[in-house]
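Beneath this line is the structure, given in structure tokens, with notes to follow.
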Amino acid sequence: PTLAPVTPVPTPEPSPGPTLAPISPSPTPDPTPGPTPAPTPPPSKTGKGVNGDPLIMGMAGQLFKFEGRNGAWYSYASASSFQWNMKVNQFEGCPGGSDKFTTGFGLTVFGDGPDGKNTRSLHNIEINVVNEHSTGTGCGFEPHKANDYGCLGAGSLEIMIDGHKVSRSIDTELKDGSGRVIAFNTISSCSRRWFDFEMTPVNEIGAISMLSPAATSTIRRRRLDERNTEGIFNVLDDLKDTTVNKDSCESWMAERKDRGDILEQAGTWSTIVIKTEKISFHVEYKQEQERCNAHNLDVWISEVSPDVLNENWEGIIGETKPMDYNDAIHIGTSHMSREEALKFPRDEDYEVIAPFSVDCHGCIVRGF
């Protein structure tokens with residue numbers, strides 16, 4: 001599966017900045033007003049990413065394939081504030097040319113270290129297929145089917161959030177209250193469109209809302225009786241215009257909302273939303289069981305803060321970011337070869353050794 005192109009995340013309606021207290025007029029007549037400060041730009045929305053098999057949509061609409069090596073991790077975007085890696089697997093029995101899919105996701109978010117630079121790891125989030133060789137992993141719970149409810153990807157998917165393993169649907173805040181992870185099973189009509197269904201224009205990617213999180217020292221999973229599932233439906237509502245079948249998805253969401261069972265759904269399709277202050281992602285997991293048995297992660301960058309967007313980006317998708325992203329989002333989609341899209345000719349130039357590795361020839365040079 002190819003990663004979906006990184007599209008700047010839609011920014012929620014910008015909150016008005018703090019109002020300055022009025023300055024009492026000076027006794028001198030008609031003081032000359034000072035310069036008006038420029039408003040802080042809102043986070044950018046982006047629809048760029050990977051579509052599983054690994055078809056890439058670049059930051060300026062470039063469309064190209066990156067095959068990679070079976071079982072290897074690659075740097076998809078590398079910047080001062082974050083490192084985003086993906087894993088590629090090849091699946092036996094799938095049609096030639098469509099037998100490699102992305103099966104792993106690794107995100108490291110960096111913050112200021114003692115030197116005042118982005119040298120301290122704030123968060124590590126990993127999404128992995130439990131067993132790439134089987135689509136029948138199962139949830140490993142009691143034989144009674146009801147115990148499988150909420151088990152992500154029918155037992156084939158697990159998430160590591162700052163060292164805590166998650167295998168069931170969850171709505172949780174990050175340990176320092178600076179972000180949120182939502183994961184739940186869904187149906188095909190509610191999964192995000194990719195260009196094998198219909199190309200999603202950059203300006204259609206809706207903002208992902210985040211409830212104000214309270215700081216917490218550990219991962220907090222809300223119990224069913226106290227969980228704010230309304231927040232999940234806010235996320236789904238924001239994304240509904242990008243779904244495969246909006247009407248069918250809205251009907252399914254309305255039923256889940258009435259029954260309060262969104263986190264108890266079983267199935268082989270899952271949605272994961274990762275929200276941080278610097279960059280956010282929308283991930284779709286699905287199983288291929290018609291042509292062959294395979295796993296697939298589609299990934300989109302859904303939101304990027306202005307400061308991070310202005311950093312130098314490297315990596316497979318990072319290299320496709322133009323100097324002025326806002327000027328480039330109107331370019332449109334352009335099919336090209338991997339050699340035309342990327343700086344380095346060899347796949348191994350982008351290869352890293354693990355989900356959170358930061359070293360490769362095609363990565364940025366870090367000061368630690």
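The accessible-area ordering, largest first, of the residues Y149, Y350 stands as Y149, Y350, per a 1.4 angstrom probe. Across the protein chains, with a 1.4 Å probe defining accessible surface, the residues T119, T320 rank T119, T320 from largest area downward.
Identify the residues of the stretch 78-98 with backbone N under 18 Å of a label point that sits 7 angstrom from the Cα of R120 along the Cα-to-Cβ direction, or state none. Within reach of a label on R120: 80-83.
Note on exposure: H164, H295 ranked by accessible area (1.4 Å probe, complete protein assembly) read H164, H295, with the most exposed listed first. A straight chain from D176 to S337 at 0.36 nm per residue would run longer than the Cα-Cα distance by 53.8 nm. Counting only heavy atoms of the protein chains and using a 1.4 Å probe, M253 has close to 20 Å² of accessible surface. Annotation for A354 and H133: the two label points, set 7 Å from Cα along the Cα-Cβ direction, are 2.3 nm apart.
Highest mean first, the peptides 67-76, 356-365 sorted by other C-beta atoms within 10 Å per residue fall in the order 67-76, 356-365. Shown here for the stretch 241-300: GluC sites (Glu not before Pro) in loop regions (DSSP other than H, G, I, E, B) with at most 11 other Cβ atoms within 10 Å, namely E290. Distance from the C-alpha centroid of the stretch 99-123 to that of the stretch 257-306: 20 Å, rounded to the whole angstrom.
The values are calculated or read from the model by the stated rules, or taken from the named source; none is laboratory data. Quick caveat, the model's predicted, so the values are computed rather than measured. FYI the Cβ positions are ideal-geometry reconstructions off the backbone, even for glycines, and counts take in every protein chain you see. The protein model used for the area step is the full one, side chains on, heavy atoms only, and it has no ligands, DNA or RNA in it. Shrake-Rupley method; radii C 1.70, N 1.55, O 1.52, S 1.80 Å.
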